[in-house]
Number of protein chains: 2
Amino acid sequence: MTTQFDNVSVVKKANIYFDGKCVSHNIQFADGTKKSIGVIFPSSLTFNTGAPEIMELNAGKCRIRLKGETEWKNYEGGQSFNVPGNSSFDIETLETLDYVCHFG
Amino acid sequence: MTTQFDNVSVVKKANIYFDGKCVSHNIQFADGTKKSIGVIFPSSLTFNTGAPEIMELNAGKCRIRLKGETEWKNYEGGQSFNVPGNSSFDIETLETLDYVCHFG
C-alpha cells in the first residue's frame with residue numbers, strides 16, 4: 001500500500017456528512033479517476049453508492065452489511081471491502097476509520 | 001481563491017487531533033511546500049505552531065486569541081489569519097471550520 005498519492009488534484013473544501021461523523025476530501029488523478037480520503041467516527045450509518053466503491057481501510061474497525069444481505073462482516077485497518085454501484089451499505093464503526101474510497 | 005490544488009501529493013492517512021475535533025490531510029507541492037486541509041468541529045482548543053501558519057477559512061466561524069494577547073478576534077469563511085512560528089493560539093470554533101493551513 002502506498003502512503004501517498006502523487007500528481008493529483010485535491011479539492012480544498014471538505015465533504016462533511018452525517019453531522020460530522022464522516023469527513024472527506026475529493027482527489028482526482030490525471031486520468032480522471034476520482035477517489036476520496038477521509039475518516040468515519042464511531043457511529044451507525046447508511047451510505048448510498050452511485051458508482052461502485054472499494055473502501056480501503058488505513059486504520060480502524062467496523063462491521064458492514066451490504067444492501068439485501070443479512071450478514072454483517074468485520075473489517076479493520078489493512079483490509080478493503082467492495083460495494084456495488086447504485087446500492088447502499090450499513091456501517092457500524094467501532095473504532096475511527098481512516099479510509100480511501102476508490103470509485104469504480 | 002482557487003477551489004483545488006493541482007499537481008500535488010496527498011498523504012492517504014488522516015491526522016486526527018483532539019479526539020477527532022480536528023481532522024486534516026497533508027499535501028505537498030512540487031516545490032516542497034506543505035499545506036494541510038481539514039476541518040475543526042465546534043470546540044475550544046489550543047494549537048501549537050512550529051512553522052508560521054496562515055489559516056485560510058473556506059467556511060465556518062471562530063474566534064482566535066494569539067499567544068501573549070488578551071484580545072479575541074473573530075474570523076469566518078472567506079477570511080484568513082496568521083500565526084507566528086514556535087507559538088500557539090487559542091481557537092474557539094463556533095461553526096465547523098473548513099480550512100487550508102499554509103505553512104510558511
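The values are calculated or read from the model by the stated rules, or taken from the named source; none is laboratory data. Predicted, not measured: the structure shown is a model, and the values here were computed from it. Reconstructed Cβ throughout: ideal geometry from the backbone, glycine too, with neighbour counts over all protein chains shown.
Below, the figures for the structure above:
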| item | result |
| --- | --- |
| Residue, farthest from the other protein chains (Cβ to nearest Cβ), within region B:18-31, restricted to residues that are on the phi < 0 side of the Ramachandran plot and among the charged types (D, E, K, R) | B:Asp31 |
| Qualifying residue in region A:2-17 (condition: assigned to a loop (DSSP other than H, G, I, E, B), away from chain B (no Cβ under 14 Å) and not acidic (Asp, Glu)) | no |
| Index of the failed condition, A:Lys13 passing every other in (1) over 20 Å from B:Lys13 (Cβ atoms); (2) in contact (Cβ under 8 Å) with a residue 40 or more places away in the chain | (2) |
| Conditions (1) among the aliphatic types (A, V, I, L, M); (2) surrounded by 14 or more Cβ atoms within 10 Å (Cβ to Cβ); (3) within 29 Å of B:Cys101 (Cα to Cα): number failed by A:Leu45 | (3) |
| Selection from region B:95-104 of residues that are exposed (fewer than 15 other Cβ atoms within 10 Å of the Cβ) and touching a strand residue (DSSP E or B) at 6+ places or on another chain (Cβ under 6 Å) | B:Glu95 |
| Any hit, region B:76-83, residues being surrounded by 15 or more Cβ atoms within 10 Å (Cβ to Cβ), part of a strand (DSSP E or B) and among the acidic types (Asp, Glu) | no |
| Number of positions in region A:32-72 that are within 14 Å of another protein chain (Cβ to nearest Cβ) and either free of Cβ contacts under 8 Å to residues at least 40 places away in the same chain or assigned to a strand (DSSP E or B) (or both) | 16 |
| Unique match (being closer than 28 Å to B:Phe29 by Cβ and more than 12 Å from the chain's Cα centre (by Cα)) among A:Gly68, A:Gly32 | A:Gly32 |
| Enumeration of residues in region A:1-10 that are modelled with pLDDT of 95 or more and either surrounded by 19 or more Cβ atoms within 10 Å (Cβ to Cβ) or more than 20 Å from B:Glu56 (Cβ to Cβ) (or both) | A:Gln4, A:Phe5, A:Asp6, A:Asn7, A:Val8, A:Val10 |
| Residue within region A:79-91 that is facing another protein chain (nearest Cβ under 10 Å) and not aromatic (Phe, Trp, Tyr) present | no |
